[in-house]
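Let me begin by presenting the structure, written as structure tokens, before commenting on it.
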Amino acid sequence: PMRLTQKIARLLWPRQNCPVCGAPLEEGSLCPRCRGILAAYAACPRCACFTPLERRPEHACPPGAETAAMLACFPYMAELRERLHRLKYHGKAEIAADFGPLLAERWREFAANKITAAAIVPVPLHPARFAERGYNQSELLARALAREIGLPVYARAVSRVKNTAPQHELSPAERALNLRGAFAAGPDIAKVRGQNIILLDDIITTGATAANCAAVLRAGGAANVYVLAVAAHAAK
């Protein structure tokens, strides 16, 4: 059994775990294995799919890929999928805070190229889906990032006006039809005028959801929109 001194130490200094795989952390924001994955893979800035860095010269973006910058922290691997599913579907809202430092790290890497942003906009949920879940996981992730980099969150800049089917269940043609008219300007859209915006999502599947939200922001006067997500699907 755990000794009293160990119990007190655990209460005062709770052991932190890797936000991706859950392994105990000795130091830093990721365990060594996940840190290695982060270093070995990168999201294509055009289509956001993941490829190993050594394969990047061979990579061809799929037809119709958006030209807006899309960034992600990790490929959508099994351990991360389990964590994001717990956040998204099983009421584990507290998981979002674990990803704040990771999202901030990826953003700072990108922003080192003299890119700035004025605010963060989360991809919205339809009100019916929000009522079922009790929160928008993308907004929680946006606020976790905001705490790290000191930017405001405009959670009502974009509204979801169509309750769409999940994108991962659909073919490419069905995805485009599914999202037609799904997003509209929200009450806070005027705040984005002339500003560079980080659009925050949990997972980039094809980039179609993010592209539609980015189009609403640009129509509302946003100067540039940079899509940032925890994970993106790997190249086939």
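The values are calculated or read from the model by the stated rules, or taken from the named source; none is laboratory data. Note that the structure is predicted; figures quoted are calculated from it, not measured. With ideal geometry, Cβ positions are generated from the backbone for all residues, glycine too; neighbour counts draw on all protein chains shown. These area figures cover heavy atoms from the full protein model, side chains too; ligands, DNA and RNA do not enter into them. Shrake-Rupley method; radii C 1.70, N 1.55, O 1.52, S 1.80 Å.
Selection of first residues in the range 92-116 that are in contact (Cβ under 8 Å) with a residue 40 or more places away in the chain and of second residues that are hydroxyl-bearing (Ser, Thr, Tyr) and surrounded by 15 or more Cβ atoms within 10 Å (Cβ to Cβ), restricted to Cβ pairs under 7 Å at least 6 apart or on distinct chains, gives the following pairs, ordered by first then second residue: PRO101/SER29; LEU102/SER29; GLU105/SER29. Of all the criteria given as (1) over 24 Å from ASN136 (Cα atoms); (2) touching a Leu at 6+ places or on another chain (Cβ under 7 Å); (3) at pLDDT 75 or above, the one not satisfied by ARG35 is (2).
On the stretch given as the range 225-236, residues that are assigned to a loop (DSSP other than H, G, I, E, B) and either within 28 Å of ASP98 (Cα to Cα) or in contact with a Cys (Cβ under 7 Å, 6 or more places away or on another chain) (or both) total 2. Residue check: is ALA234 at pLDDT below 95, of a type outside the set (Val, Ile, Thr) and over 21 Å from ILE115 (Cβ atoms)? So ALA234 fits the description; yes.
Residues in the range 66-82 that are in a helix (DSSP H, G or I) and either open to solvent by 20 Å² or more (accessible area, probe 1.4 Å) or at pLDDT 90 or above (or both): ALA78, GLU79, ARG81, GLU82.
For every residue, the table says whether it meets (1) surrounded by 11 or more Cβ atoms within 10 Å (Cβ to Cβ); (2) in contact with a strand residue (DSSP E or B) (Cβ under 9 Å, 6 or more places away or on another chain); (3) assigned to a loop (DSSP other than H, G, I, E, B); (4) modelled with pLDDT under 85.
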residue	(1), (2), (3), (4)
GLY22	yes, no, yes, yes
SER29	yes, no, yes, yes
CYS47	yes, yes, yes, yes
ALA60	no, no, yes, yes
GLY64	yes, no, yes, yes
LEU84	yes, yes, no, no
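For the range 181-199, the set of residues classified as within 21 Å of ALA111 (Cα to Cα) and either among the basic types (Lys, Arg) or open to solvent by less than 50 Å² (accessible area, probe 1.4 Å) (or both) consists of VAL192, ARG193, ASN196, ILE197, ILE198, LEU199, listed by residue number.
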